[in-house]
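Single-structure report; data block below.
Read the figures in this text as sums done on the coordinates, not as results from a lab. It should be emphasised that the depicted structure is a prediction, and the values quoted were computed from it without experimental measurement. With ideal geometry, Cβ positions are generated from the backbone for all residues, glycine too; neighbour counts draw on all protein chains shown.
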Amino acid sequence: MMMKNKAGGAGGGMSGSGEGAGPTAAAAAAALQKQKALLQRVETDITSVVDNFTQIVNVARVSDLPVKNSQEAYMMEMRASKMVQAADSILKLVSELKQTAIFSGFASLNDHVEQRIAEFDQEADKTNRLLARIGDDASASLKELEAHYYSSAQRLTPDV
Amino acid sequence: MDSDMEISLDRLPIKRLESIEENGAERFPSDVNYDDKRVSLIRRIDFAWALEEEDDLNSKKKKKKTSKEISEQWQWKGMVENLQLAHQELSVIIDLINTVEANDAVTVAGMTRPKPMPNEILSDLAVSTATKLQSYRHLGKYFKQSAKALEQKVNREARFYGALIRLQRNWKVKRQRVLASNASNEGFTFDLSDGSVYDPASGFRPSTLSTIRVEHDSAGMLAINLPQDSWYSLRFGFVGLNSIDNPNESNAHINSTTGEDLISEKESLSDDESVRETHSLLREVHKSIFAEQLFDMLNREAFSEGVGFSISGIRENFMEMNIGQGASLFVSLYPSGKNASIKKSESANMLIETEPAEGDYRVNKLGFPSRASYEIYLQQIFHEHAFGKTKDQPKSKSNRSSNQTAKDNNSGLLDHFCLSLAHRIFSARVLVQLESVVCKVPYLHLISHPTWNSRTSSWTVLMTVPPSIIPQGSSESQSPDGKRKLKTQFRTKVVVKDDCISIEAECTPNVVGLLKSTSCNLFSMNKYECDLADLPVIILQQVASQIVCWLLEEARTVGTKASRDFLSLSLEIVEGERVSLVGQVNPEDAKGCISWWLVMENGCTEERKGVSESRKSLGHLSLDVLYSVLMDLINLCGSGRNALD
């Protein structure tokens, strides 16, 4: 049901952007397809985990036949392995989603880059102003010091 | 055999019908052979009496034991008896089975499992339950191990991707689709190249360090492994003053190599510190790429014509050039990895400058500017050249120093840089000359004018004269509003552009000024050039000329006939007799550089031939004393005229 709703919403979105450029519609379709595939994988893995766990719990009844107990033990091991495998598959899916977030989050990346650019520009302006102020202060200090020095009675002969 | 004898009668040896089945079939017993008959006869004998006697014997033996043993044996006696009975029955069954196998008198018609006892059922159930419980415990252990492993994997990934996301905010991360799964390489790379710089027209080529692979360390954290000495730093210095090879660890050696001594350190670092270290390492590599680009550009410009430099030596990652003014500089790329200091120990016998006072003293003494400041300047102008095209830098007062780029001067960056450096050295020498003159003449002041131009320097030699004591009167220098113009300061401006000295001042001691010795032209500004060797003399002559002009103006103010001839001021006492105040300049004079002479001249008439002249040295006079001397001379002129009248 969730997938259907999403498909409907995506379809509505596609129809809305159908008048846009071709690549945009194709990208949207590809994204929708990928979303479906990911959801399918999640559903499969979760179902596998739940089913296997249910079977393990169901096998908890003690059987009279020792042969059946051995069979059940082997089945339990098999289902436990399948559960772990499904969990690992989910983790890989999460990794893929993280990678997708890293490489597809253009909006946030661009915003951050622009923010950093603005910060660095401000920093550069601030540094330039600081340098200019330092230059002005140095110039004023030099002028003052020269006036004091050359007004004094004693002047040192520079080493030539 | 106390019991009664029993007699049993056998049946007649005739075949008797044993059974009739439903379908009417008759069953007769099978024929018994002699052995079977004998066995059956033996079995018909009752041996119970023998067993009873045996039991009595056993009971008698047991009565001889102590009371405790009897009580203890009594506790297990039942089980023992049961076991014995079971053993006997098993023996009978085994005999029966053996007999059946031997195909003797008994045949097995069918076997049925005996109905299990409740305790047997419970024991079987207990065994099954225990087995199943063991299986579940084993399963539980397996799940715990798997959960632990998955949790570790989650934590590792969280650390890795968290660090990657944080670094992605400052660096460009690319992903490569790798076919083979590699635990140490997820296929991520850091791209440190700048597309705006790599323009085929500009000639820049991407550095080998532009792409850096992202790997995992032993703790699962993001790591960057770079070979030692793989990145460089730019080194600039003066030949003979700065070491060519820099064994200093001035650059931070922050790297995440996989050396064993670093692994334990990295494990103890927190994620933040690890990310910070990686960021610093990437920054070092970024700076290295910048240094390589800069050196590459310098190399290319070195082979183009330039007026400011000439290449005197070149090899891999090293370039040496002469820039004039007796200076040679070098630009090199040196590895700045951790082992750089170890590798460069071979050249440790070279002069090492680690910002010592002695090195700075030598640099300052020779007039060479600070190595570090010009290293920064070189990087700055390259940065503006390479990256300034793509960015619109706001024009501000603070950018005045950066506005002097090579493009403004129609020269290459290297040329501009070398000319700037040469100018700095030359201007330092000019300053030394000016200071040597100004410090010896008390009434001169030197004022520096920062131009914020890397190839232009400017100073002013200021002389303040004493105020005039002559009251306001009719004078050519009167202003329209009636107030007398007082000239109290004389300025001599010295401007150095590259290695060209130009002087701009009033009252220049030139021939043109002599011919037109009016007040307005007397103080006209003139501009001329000179070289460094003549600068002290020129300045002193200019100052002396300004003093003479000032005295001349003062003398004319009171109506005295006065004239000026280069550095002499002549006053006419009476006709034919003149008194002159002559200035003499000597830059080597430690007492004052400008000394004055009083020269008396008797006029040359047609009757008298020859000019008699007497001179008297007045020494180094201050301006107040000079003014007083002038007033005295003016009074002398006035009294002499009156006497004639």
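Which entries of A:Lys98/B:Lys141; B:Lys497/B:Lys527; B:Lys148/B:Lys174 show an alpha-carbon separation above 23 angstrom in the structure shown? Walk me through the numbers before you get to the answer.
Working: A:Lys98/B:Lys141 30 Å; B:Lys497/B:Lys527 14 Å; B:Lys148/B:Lys174 31 Å.
Long pairs (Cα-Cα over 23 Å): A:Lys98/B:Lys141; B:Lys148/B:Lys174.
Under 5 Å between amide hydrogens, which residues at least 5 positions from B:Ile501 or on another chain qualify, with H placed 1.01 Å from N in the peptide plane?
B:Cys530
Name the long-range amide H neighbours of B:Ser458: under 5 Å, sequence gap of 5 or more, or other chain; modelled H, no Pro or chain starts.
Amide H neighbours of B:Ser458: B:His449, B:Thr451, B:Val496.
Could you pull out every residue, at least 5 positions away or on a different chain, whose amide H is within less than 5 Å of the one on B:Thr211? Hs are placed 1.01 Å off N in the peptide plane, and Pro or chain starts have none.
Residues meeting the amide H criterion: B:Leu192.
Per 0.36 nm of contour for each residue apart, how much would the distance between B:Gln584 and B:Ser280 grow if the chain were fully extended, relative to their Cα-Cα spacing?
Gain on stretching B:Gln584 to B:Ser280: 102.9 nm.
Which pairs break 32 Å Cα to Cα here: B:Lys493/B:Lys591; B:Lys144/B:Lys172; A:Lys68/B:Lys153; A:Lys92/B:Lys287?
With Cα atoms farther than 32 Å apart: B:Lys144/B:Lys172; A:Lys68/B:Lys153; A:Lys92/B:Lys287.
For B:Asp36 and B:Asp56 in one chain, what is 0.36 nm times their gap in residues minus the Cα-Cα distance, to one decimal in nm?
That works out to 3.9 nm of additional length.
Take peptides A:95-108, B:572-585, B:616-629 and line them up by average Cβ neighbours within 10 Å, highest first, as a rough protection proxy.
Numbers: A:95-108: 13.2, B:572-585: 18.4, B:616-629: 15.1.
Top to bottom by mean Cβ count within 10 Å: B:572-585, B:616-629, A:95-108.
At 7 Å along the Cα-to-beta-carbon direction for both B:Asn23 and A:Ala60, put a label point, then send me their distance in nm to one decimal.
In this crude spin-label approximation the distance works out to 5.5 nm.
Pop a pseudo-label 7 angstrom from the Cα along the beta-carbon direction at both B:Ser502 and B:Tyr142 and give the gap in nm to one decimal.
A separation of 9.4 nm, rounded to one decimal place.
Test of understanding: extend the Cα→C-beta vector of B:Asn602 to 7 Å, then name every residue of the stretch B:561-588 with backbone N under 17 Å from that spot.
Answer for this model: B:573-580.
For labels at B:Val307 and A:Ser89 in the simple 7 Å Cα→Cβ model, what's the distance in nm?
That separation, rounded to one decimal, is 7.7 nm.
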